[in-house]
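Just so you know, all these numbers are worked out from the coordinates, no wet-lab data involved. Keep in mind the model is a prediction, meaning the values are calculated, not measured. Neighbour counts run over all protein chains shown; Cβ positions are idealised from the backbone, glycine included.
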Amino acid sequence: MKTGIYISLILFTGCLIFLPGCGERAQQRDEDTTLYGSRLTDPDEKAFFNNLAQYCGKSFSGEQAFMAEGRESWEHMDFIMHVTVCEDDRIYVPFHLDDDHSRTWMFLVEDGKLRFRHDHRHEDGTPEEITMYGGYGSGEGSAFLQDFPADEYTCDLIPTSCYAVWRVELTEEPRSFSYMLFSYDELLFRARFDLENPLEDQ
């Protein structure tokens, strides 16, 4: 029973990659043009962080793009992501599933590295028992894609997730943001958001 709950929480907490409006500009790594993530030491993590920050203040609709066989489908639910807080050391992306607003994806700069965490909160704002799990960038990503293997904190909190990897991807044609969960190199879940049509522009 607990394993099923943990898997469901992991599937809906949070990873994603986002696409910049202009490919060349998005991959620019010159310090003069970098607005966020000044303490990130990896050029690709810094470019990814800034690419995501381009969407600050906007909201996007999404959908379940894949769910592994045998797992509960959320295909009938409404997916909405909001890129809200964008600062030099953090970007927050609340993820709403129907009327459930308990999840926020967090992209953080810690000790010069990019960290991805899932913040789960009750309606009163207090943290849930299973929260803040995720991991640091693998160091093998790009300006458009980052993998976040489960860190030690996550493994201690959710032992069944020691081999989990969250992937966030941004694509250009068409522009989209994808959040994926892998376990033992097997894709378990993927959510895709349409970056071409911000909700406030519709």
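Once the other residues with Cβ under 9 Å from the Cβ of D147 are scored (Lys, Arg +1; Asp, Glu -1), what is the net sum? Residues close to D147 contribute a combined charge of 0. Annotation: extensible slack from H122 through L108 equals 2.9 nm (criterion: 0.36 nm per residue apart, minus Cα-Cα distance). The residues packed around D89, meaning those with a beta-carbon under 9 Å from its beta-carbon, carry a net charge of -1 if Lys and Arg are +1 and Asp and Glu are -1. The local environment of S176, defined by Cβ-Cβ distances under 13 Å, has a net charge of -3 under the rule Lys, Arg +1 and Asp, Glu -1.
Once the Cβ-Cβ distance of R39 and D156 is raised to the sixth power relative to R0 = 35 Å, the FRET efficiency obtained is 0.85.
Modelled label positions at D100 and M77, each set 7 Å beyond Cα in the direction of Cβ, lie 0.3 nm from each other.
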